[in-house]
Every structure is written in structure tokens, then in C-alpha cells.
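Data block below; observations after.
The values are calculated or read from the model by the stated rules, or taken from the named source; none is laboratory data. Source: prediction; values computed, not measured. A quick note on method: Cβ atoms are made from the backbone with ideal geometry, for glycine too, and the neighbour counts reach across all protein chains shown.
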Amino acid sequence: MPDHVSTSPNETPLNPDGYDVLVVGGGNAALAAALSAREQGATVLVLEAAPKALRAGNSRHTRDLRCMHEKPTSVMSGSYAEDEFYKDILSVTGGKTDEKLARMTIQASAQCVDWMKRQGVRFQHALVGTLQLGRTNAFFLGGGKAMMNAYYDAALRCGVQVVYDAEVVDVVIQGGAFRNATVLRSGNRTQVTAKAVVVAAGGFESNLQWLKKAWGPTADNILIRGTPYNQGKVIERLLAAGAQSVGDSKEGHMVAIDSRSPKFDGGIVTRLDCISLGIVVNIRGERFYDEGEDFWPKRYAIWGKLVADQPEQIAYCFFDAKSMGKFMPTLYPAINANSIAELAALLKLPVQSVVDTIKTYNEAVKPGAFNHEILDDCKTQGLKPEKTHWALKIDQPPFYAFGLRPGLTFTFFGLKVDEQARVLMKSGGPASNVFAAGESMIGNILGKGYVAGIGVTIGNVFGRIAGRSAAQRALKSEPTEDVPQEAARHVVG
Ligand SMILES: Cc1cc2nc3c(=O)[nH]c(=O)nc-3n(C[C@H](O)[C@H](O)[C@H](O)COP(=O)(O)OP(=O)(O)OC[C@H]3O[C@@H](n4cnc5c(N)ncnc54)[C@H](O)[C@@H]3O)c2cc1C
């Protein structure tokens, strides 16, 4: 066996002759690409950095995807037209979106549910209740983990080779074309060749050094809601090899989560939905934003950034007995006490400042008819900043509080692609056999902001396109000309 395919005992051997398509990553986008490439008849290798028990990146934490549809379906109510979907994207990105790619994604989203069902993914009936997403989003039965297990089962059935604990640490691009990748397995580096590669390796949100470069010292207090394996290494390597970047390193999806959450992989249960029912203060005991500005899910994604901008990147949500139980259950219990002063002391906050803030707030609350289902008329008057809806006095013991930290879901900075999911090079034009899907290229559509469920949609649509395009390229391809090693080589890493 040649050197470059040597294996340690107990490791799945790699094919010494290489593959048609190499897929880097093991989440929603990667598996959509792998299954689509295999459908075209290509031989496919999936390299997943995580061990099997932790496979599937951030995708295993998901619950739903957003889809266009003209009439009610078994999994979504009403209708959701292309223009409304596009308007929703624009309202959060403020125009920082590639319209052609966004509209193409929206149109293709109409087929996502059927395609996923064909792979064995199961869905819940159209949602009813307070989430307000039953019309626009389809929810997986059993959540993202069940969706990903269905994909992996489908991959096994159709002959996709999946290797776990296999981190791609290097890629070689020669003359604008992918040649090989280096994979790290049990401390050994091995070269893998393929006729085309799909990069579906997530963003760089778990790379703490990169976050620090983007955010400065603030990064130390950011918690990562998802997988620790999305280190952005392949994005970094491709950029160094001449790929075009898209997006801003400081943009990402960030929500407020319980300050007691783990550094990585806390998932959705660490999120706190109590903000609109109480008030939020920083470590000086001062309010800093309108907690009642708009409904979850429209405004929940701003609170991560708001907390990140506060001193020491921590804030505290206070509420009273009236509001307990009116929001989604929490992972950790609220801290409680019989007086505001006692509670502030427990949290090591400046007691007098918190007491004064809550007293001033209570005095500014105007009587109204509380209704958490609508933008009600319970508000403050004469406060800076005002609380514009759901403002109730905090006066009924026991009093409760949660510490809030910024929880980063994923980053937007990545690889610029075209409508065939081909990675665009700085030298102009696309790389001939390099494709990208999912969070690795999400910045093409999301320059900033987020609409719930679009991450999985983008991964599915671009994953399928990338897999199909990569397979077609590989199956048709003439062997790429050998370029003299030193002349055209961009070896990186
Ligand atoms: C808590 C949470 C909840 C979410 N809920 C939703 C939701 O309900 N709906 C929604 O649309 N979006 C949701 N998202 C966002 C969502 O997860 C994504 O946009 C989408 O699932 C990402 O898919 P992906 O395949 O691009 O990335 P991921 O699923 O993160 O997959 C990336 C994969 O690449 C692997 N990898 C990384 N680097 C390498 C390397 N060098 N070599 C080999 N493998 C590598 C990782 O191990 C991982 O398997 C959520 C995210 C989180 C964290």
C-alpha cells in the first residue's frame, strides 16, 4: 500500500485510488452534498472531524427549516411566497445579501421537505402555538439529531464512505483546481485525492483565536452554542490559496444564553426567553435597551450582541412571581430571593443601583392590558430607554433573575460562491472543482441578521447543488493537467 494511504490499526482504510467527490464536514450541508453526489453515481468520501458520537456539527442542534410554499402542506400552514420570504431576509440583512443566490435558495426551498423525506427525515405536523413559525417553518420529528441520523443511515445504504475523527487540516489547490487534502487521524497525516471537493465544514465560531482577532478581548466571554469542531481551518486554507471571501468576521448569529452554560455545545436549551417579561441590567445595575421592543423570534437574535457590548459581557434579567412560568422552561433554575436587594447581593451586583433601577422602572410603568401574544399597551413613560410592551411592575415576591452571556450560534464569514456552489477565486472566475455549502458560505446570503430556519435551508439547497455539481464535474472530468509542483502550487497550512 502506498505511503499516503497508510492507516493505523482500527481505522477505516481510505481508497488508495482516491474518490470522485470528497466532502469535508459531517453536518446537514455535507450530507446533502454527499447523498446528491452519490445519486449522480459518484464515489463519495465524507471526512467528519468529530467522533461518531458527536457527529453532525451544529445541525444536530437544529429543529426546523424555512420553506417557501404556495398552499398549506402537511408540515406548514397557509402559504409563504417567494417575495415575502425575500422581504424577510432583506429586513434582517438590510440589503447585505446576494439577491440572485437568495432568490435561487428560496425557490429551491419549496422542494427541501420532499427531498429530505425521501432520505428518511420525518417531520412534525404544522406547528400551532406561541412560536409563530407554523406557517414559515417545517419542524423535524425528533429534532436535528433525528434528521442527521436519517441522513447518515441513507448514506450508509447508498454506499457513501464516512470517516469520523478525521479532521482536514490542509488542502492543495494547483492551477485553480483542487488536488488533494491532508487529513489528520489519530495523530497521523494522510493525503486523500478526489476529482472534486465540497467544503461543508461550518463556520469558524469555535476557533477562539480567530474570534479574538475579530472581537478583541470581548471574545473571552462569548459562549459557543454548538460544536467545538467548527474551527474554520478549511476556509482559512482556501482563502490563503486564493479563494474570495464573503462577509464580515464580526458578523454572526448570537443570542443571550444562561451565563452558567458550558463553553461549547450547550445547544438550544441554554437560551433564555424571559427577557421581554422583565428588565435587563448590566453589572452597574443599569438598563440599556428596550426589553419589550418586539416579539420573539423577531428580536431574540439581537440580545447576544447587546450583552456582548456590555462591560464584562454579562447582564442580568430580573422579573417577579407574576412572570414565572410564562416563558419556555429553562435548563438551569432562576436565582431567587424575597427582596430585590437580597437578589442583587446574591448576584454580586451593586445593590443600591439595582434597587433604584427597579424602583424607577416600577414608577414609570403605565397601566395597560397585559397580553404576551400581541404587542400590547403595557409600557413605561419617561424612562431611558423605555420598555415599549409587556411592561409589568416588578413588585411581587419572590423575585427572580438569570445571568445572561452572549451565545454565538455560528459565524457568517466564509467562501464566496456562484449559483452552482462553485468557490470563486480572487484571480477571477470559479475554481474548477471546489464547491462550498452551508455555514462555510452562508455569508453570501446573510451579510448580517438572521431569520429562523434559514441555516438548514441554505445548507440543504447549496449542499444538493454542490454535491450534484461536484459529481458531474468529477464524472466528466478529464484528468486535470499536471502543473509543475513549484510553479503553480499554493500549498497552505
Ligand atoms: C443550538 C443551535 C440551534 C440551531 N437551530 C437551528 C434551526 O432550528 N434551524 C436552522 O436553520 N438553523 C439552526 N441552527 C444553525 C444551523 O445549525 C446551521 O445553519 C446548519 O445546520 C449548519 O449546517 P452545516 O452543515 O453548514 O454546519 P454544521 O452542521 O455545523 O456542520 C459542520 C461540520 O463540519 C465538520 N468540520 C469542521 N471542520 C472540519 C474539518 N477541518 N475537517 C472535517 N470536518 C470538519 C464539523 O465536525 C461538522 O460536522 C442552529 C445552530 C445551533 C448551534
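Residues of the stretch 277-288 that are crowded, with 18+ Cβ neighbours inside 10 Å and in contact with a helix residue (DSSP H, G or I) (Cβ under 9 Å, 6 or more places away or on another chain): Ile279, Val280, Val281, Asn282, Gly285, Arg287. Counting only residues that are in contact with a helix residue (DSSP H, G or I) (Cβ under 8 Å, 6 or more places away or on another chain) and away from the ligand (no atom under 14 Å from the Cβ), the stretch 60-74 holds 2 of them. In the stretch 386-403, the condition of being within 12 Å of the ligand (Cβ to nearest atom) and either outside any loop (DSSP other than H, G, I, E, B) or assigned by TED's automatic domain parsing to the domain that holds Pro333 (or both) is met by no residue. Here the helices (runs of 4 or more DSSP H) wholly within the stretch 1-117 that include at least 3 residues being surrounded by fewer than 23 Cβ atoms within 10 Å (Cβ to Cβ), out of contact with any strand residue (DSSP E or B) (no Cβ under 7 Å at 6 or more places or on another chain) and modelled with pLDDT of 95 or more are 82-93, 99-109. Contact map, the stretch 219-231: first residue more than 13 Å from Gly407 (Cα to Cα), second residue of a type in the set (Asp, Glu) and within 6 Å of the ligand (Cβ to nearest atom), Cβ cut-off under 9 Å, separation 6 or more or different chains; pairs are Tyr229/Glu48; Tyr229/Glu167; Asn230/Glu439; Gln231/Glu167. Quick one: in the stretch 417-447, which of the residues that are surrounded by 21 or more Cβ atoms within 10 Å (Cβ to Cβ) and not hydrophobic (A, V, I, L, M, F, W, C) is nearest to Ile235 (Cα to Cα)? Of everything passing the filter in the stretch 417-447, Ser440 is nearest to Ile235 (Cα to Cα).
Looking across Ile335, Ile302, Ile358, one residue alone is modelled with pLDDT under 95 and of a type in the set (Val, Ile, Thr). It is Ile302.
Residues that are more than 16 Å from the ligand (Cβ to nearest atom) and either over 30 Å from Ala30 (Cβ atoms) or of a type in the set (D, E, K, R) (or both): does the stretch 239-246 have at least one? No, that holds for no residue.
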